[in-house]
Structure formats: C-alpha cells, structure tokens
Amino acid sequence: MDLKQEIMSQLKHEILSLQLEPGTTISETNLSERFQLSRTPIRDILKQLSLEDYINIYPKKGNVVSFIDLDSVEQIIYLRCTVEKEIMKELSSHLPLKGLHELRDILALQKDCIHREEGFDQFLQYDDAFHKAIFDLAGRAFLWNIIQQFNVHYVRYRKLHMLKKDKLIEIQQEHQLMVTHMLNREGDKIDELLNHHLRADINSLYFQEHFAEFIKRSPKI
C-alpha cells in the first residue's frame with residue numbers, strides 16, 4: 001500500500017469511528033503537516049474521499065466531514081434486509097457444522113465484549129464478523145464487499161445507535177436467535193427477526209433526539 005492509500009485508509013477510519021465527527025472541517029494545511037506530504041497529493045486524497053461521500057468539499061468553506069444521510073442509511077438497510085433474508089433461508093437447508101461452530105464462536109466472543117469497559121469497538125467488529133460469516137458461508141462474499149463500499153453513513157449511524165442502553169445485549173441475543181432459526185429451518189421467523197434487527201431503529205426517534213447535530217438536513221426550498 002502506498003503512502004496516499006495509507007493516509008486515505010487512516011482518514012476513513014477516523015471518520016467511520018467518529019474520531020472525526022460529522023461537520024468537522026478538515027484542513028489541507030493541517031493534513032500536509034501531519035503526514036509530511038505536499039498539498040497536491042493531499043488534495044487528491046480529499047477529492048477521492050469526497051467521491052466516496054466521506055467528506056463534502058465546499059468552495060470557500062473547505063473540506064467538511066459528511067453529515068449522516070438517513071436516506072442512504074435506509075437504502076443500505078433495505079438492501080441488507082432483502083439479501084440477508086434470502087441468504088439465511090438458503091443456509092437453513094444446508095448450514096455446515098464448521099459454519100455453525102464459526103458463528104457460535106463469534107457470538108461467544110461478542111457476548112464477552114458486552115460488559116467489558118473497553119469492549120464496545122470489539123463488539124462492533126464481531127457484529128460485522130457475524131454477518132460477514134453468513135454471507136461467506138452462502139458463497140456471497142462479493143455481495144458483502146459491495147455493500148461495504150457504500151457503508152459510510154450506515155456504519156456511523158449504527159455506531160451511534162449502539163450507544164443506546166442495553167442495545168448490545170439485544171443485538172447479541174438476536175444473533176443467537178438467527179442461528180437457532182436457521183438450524184430449525186424457521187424461514188418465517190427469520191423474516192420477522194431480521195426486519196426488526198436491521199430496520200427497527202431507523203424509524204425510532206432516539207437517533208434524531210440524541211444526535212440531531214450529526215444528521216444531514218434536507219436543502220431548503
């Protein structure tokens with residue numbers, strides 16, 4: 001990986017992890033000094049981040065970390081929900097024993113993170129690992145990778161939602177139920193559970209009440 005790619009990956013990580021919050025101004029000069037790189041390649045990096053919706057570039061105002069677009073979040077949730085339901089139903093008929101052990105191992109590790117003081121970020125990693133494993137077991141890794149390319153708004157939305165009291169416990173328990181439903185070939189229950197797992201929060205007021213300053217506003221007409 002060349003230096004420009006390393007810097008881009010670092011900035012993406014800082015945006016997705018909310019170290020750089022939505023609305024934060026990113027200075028070309030500061031980045032140039034921080035990474036000891038001239039402003040021309042820094043400008044190229046910022047242009048690419050803009051193309052991928054990590055930042056917005058405004059004339060005179062500068063480079064600003066993008067606000068969370070709830071329309072984009074809803075589109076990703078719709079896509080995930082539609083695809084993942086079918087994948088789980090496919091696996092219900094032929095979930096290999098090795099795959100079952102893999103899912104259960106991830107869930108055990110995820111459960112261990114819930115009450116640990118610094119377990120939050122690891123919980124998020126195991127959350128991704130669980131769903132990725134389901135795609136992989138069904139031979140749909142390509143679809144998982146495609147979804148990740150357009151995840152900048154969803155990842156931040158999800159992280160903020162998981163700060164809600166008892167949310168981690170609820171998510172881990174729902175993961176366990178998914179495995180149970182796949183083992184029991186309960187396709188109708190998979191539909192209902194996955195709908196709740198992925199879609200319930202997008203219609204709640206929690207996000208708008210607690211993180212309104214991070215949400216993209218509709219342009220005034």
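The values are calculated or read from the model by the stated rules, or taken from the named source; none is laboratory data. Note that the structure is a prediction, hence the values are computed from the model and not measured. Cβ: placed from backbone, ideal geometry, glycine included. Neighbour counts: every protein chain shown. In case anyone asks, the SASA skips ligands and DNA or RNA and just uses the protein heavy atoms, side chains included. Shrake-Rupley method; radii C 1.70, N 1.55, O 1.52, S 1.80 Å.
A few remarks follow.
- For the range 100-152, the set of residues classified as small (Gly, Ala, Ser) and exposed (fewer than 14 other Cβ atoms within 10 Å of the Cβ) consists of 108, 139, 141, listed by residue number.
- Search result, residues across the range 197-211 that are open to solvent by 80 Å² or more (accessible area, probe 1.4 Å) and either within 18 Å of residue 104 (Cβ to Cβ) or charged (D, E, K, R) (or both): 209
- Some residue of the range 108-123 being among the acidic types (Asp, Glu), closer than 22 Å to residue 153 by Cα and either at pLDDT below 95 or not in a loop (DSSP other than H, G, I, E, B) (or both): yes
- Selected residue (criterion: least open to solvent (accessible area, probe 1.4 Å)) from residues of the range 45-89 that are aromatic (Phe, Trp, Tyr) and part of a loop (DSSP other than H, G, I, E, B): 54
- Residue 32 being closer than 24 Å to residue 214 by Cβ, among the small types (Gly, Ala, Ser) and either modelled with pLDDT of 95 or more or over 22 Å from the mean Cα position of the chain (by Cα) (or both): no
- Some residue of the range 90-99 being in contact with a Pro (Cβ under 8 Å, 6 or more places away or on another chain) and crowded, with 16+ Cβ neighbours inside 10 Å: no
- Helices (runs of 4 or more DSSP H) wholly inside the range 138-215 containing at least 1 residues that are of a type in the set (S, T, N, Q) and modelled with pLDDT under 90: 206-210
- Enumeration of residues in the range 171-180 that are in contact (Cβ under 8 Å) with a residue 40 or more places away in the chain and either open to solvent by 60 Å² or more (accessible area, probe 1.4 Å) or among the basic types (Lys, Arg) (or both): 176
- Residues considered: 183, 194, 168. Of these, the only one that is of a type in the set (A, V, I, L, M), open to solvent by 30 Å² or more (accessible area, probe 1.4 Å) and touching a residue at least 12 places away in the same chain (Cβ under 8 Å) is 183.
- Pairs with Cβ under 6 Å, 6+ apart, first in the range 126-155 and within 18 Å of residue 13 (Cα to Cα), second surrounded by 17 or more Cβ atoms within 10 Å (Cβ to Cβ) and of a type in the set (D, E, K, R): 153/69
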